[in-house]
Amino acid sequence: MKTTVIVGGSKGIGFAITKELISTQKVIVISRTAPKLEHQNLTHFSCDILTDNLPEIDAIDNLIYCPGSINLKPIGRLSIDDFKEDFEINVIGAVKTIKHYLNILKNGTNPSIVLFSTVATKLGMPYHASIATAKSGVEGLVKSLGAELAPTIRVNAIAPTVTNTDLAAKLLRNDKMIENIKERHPLKRFLDPTDVAHMASFLISKKTQSISGQILEVDCGIVNFKL
């Protein structure tokens with residue numbers, strides 16, 4: 001049975017991925033709080049990714065790094081610390097995790113890494129300067145590491161649009177905002193965490209052994225279609 005480490009696997013998209021994989025793989029969740037799920041295939045380590053030492057793990061086949069941020073402000077209200085904090089959680093946390101587990105991951109079965117970007121790196125959107133900058137760093141990391149670690153480890157990222165998680169609660173806080181967000185997307189919907197979990201499961205599967213260095217948009221058509 002393969003082993004997948006999910007950083008941030010107790011909430012939101014990470015939790016959806018945990019539930020997606022738990023019946024067929026050993027899942028190790030690294031997060032500050034334990035997932036509200038019990039299963040014989042699940043192990044949890046309590047850890048703040050930016051300040052704590054990562055746990056030692058004997059075997060890893062896939063590494064999925066989910067922590068992120070939605071820090072939406074006009075540039076005049078974004079402080080330098082805002083940019084630093086978004087970069088820390090989205091990029092430095094991922095780098096720290098990859099570096100810590102890289103040698104173990106190299107010994108895995110068809111190993112892969114999945115990171116997370118956003119549609120805001122491709123589609124210019126007001127108030128997204130900090131998060132789009134940080135996620136662009138994630139995309140650069142995917143391209144560089146995908147080349148460096150080939151052919152042993154595949155590296156890809158998922159770039160979702162608005163997803164119905166606690167992180168996006170402010171964007172979906174009333175019926176009018178929900179309807180407006182649906183109307184902005186050509187498919188007239190936004191994402192459920194399970195939509196993203198399906199893509200993550202696909203990217204670590206044998207079906208994608210020829211895919212690396214890619215940013216996969218799960219966007220309900222908002223990036224490539226014009227209404």
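Pick out the one residue from 70, 75 that is out of contact with any Pro (no Cβ under 7 Å at 6 or more places or on another chain) and modelled with pLDDT of 95 or more.
The match here is 75.
When segment 28-42 is examined, which residues are found to be farther than 12 Å from residue 7 by Cα and either in contact with a Cys (Cβ under 7 Å, 6 or more places away or on another chain) or not acidic (Asp, Glu) (or both)?
In the first step, residues of segment 28-42 are kept if they are farther than 12 Å from residue 7 by Cα; the result is 36-42.
Of everything in segment 28-42, those that are farther than 12 Å from residue 7 by Cα and either in contact with a Cys (Cβ under 7 Å, 6 or more places away or on another chain) or not acidic (Asp, Glu) (or both) turn out to be 36, 37, 39, 40, 41, 42.
Contact list please: Cβ distance under 8 Å, first residue in segment 198-222 and closer than 25 Å to residue 24 by Cα, second residue of a type in the set (D, E, K, R) and in a loop (DSSP other than H, G, I, E, B), pairs at least six apart or on different chains.
Cβ pairs passing all conditions: 204/61.
Restricting to segment 60-89, count the residues that are under 14 Å from residue 128 (Cα atoms) and either in contact (Cβ under 8 Å) with a residue 24 or more places away in the chain or not in a helix (DSSP H, G or I) (or both).
So the count comes out to 14.
Those residues that are touching a residue at least 24 places away in the same chain (Cβ under 8 Å) and part of a helix (DSSP H, G or I), I need them from segment 103-128; list them, please.
Those that are touching a residue at least 24 places away in the same chain (Cβ under 8 Å) and part of a helix (DSSP H, G or I): 104, 105, 106, 119, 121.
For residue 98, state whether it is open to solvent by less than 40 Å² (accessible area, probe 1.4 Å), in contact with a His (Cβ under 8 Å, 6 or more places away or on another chain) and free of Cβ contacts under 8 Å to residues at least 60 places away in the same chain.
So residue 98 does not fit the description; no.
Go through the residues of segment 166-177 one by one and say whether even a single one is within 13 Å of the chain's Cα centre (by Cα) and open to solvent by less than 20 Å² (accessible area, probe 1.4 Å).
no
Identify all residues within segment 1-54 that are in a strand (DSSP E or B) and surrounded by 23 or more Cβ atoms within 10 Å (Cβ to Cβ); write none if there are none.
4, 5, 6, 7, 27, 29, 30, 31
Among the residues of segment 187-210, how many are surrounded by 15 or more Cβ atoms within 10 Å (Cβ to Cβ), modelled with pLDDT of 95 or more and part of a loop (DSSP other than H, G, I, E, B)?
Here the count works out to 1.
Being among the aliphatic types (A, V, I, L, M), part of a loop (DSSP other than H, G, I, E, B) and open to solvent by less than 30 Å² (accessible area, probe 1.4 Å) narrows it down to one of 158, 131, 222, so name that one.
222 is the lone residue from the list that is among the aliphatic types (A, V, I, L, M), part of a loop (DSSP other than H, G, I, E, B) and open to solvent by less than 30 Å² (accessible area, probe 1.4 Å).
Which of (1) under 19 Å from residue 191 (Cβ atoms); (2) open to solvent by less than 70 Å² (accessible area, probe 1.4 Å) does residue 104 not meet, given it meets every other one?
The failed condition is (1).
The values are calculated or read from the model by the stated rules, or taken from the named source; none is laboratory data. Remember, predicted model here, so these are calculated numbers, not experimental data. No Cβ is skipped: glycine too gets one built from the backbone with ideal geometry, and neighbour counts run over all protein chains shown. To get the accessible areas, we keep the full protein, side chains included, count just its heavy atoms, and leave off ligands, DNA and RNA. Shrake-Rupley method; radii C 1.70, N 1.55, O 1.52, S 1.80 Å.
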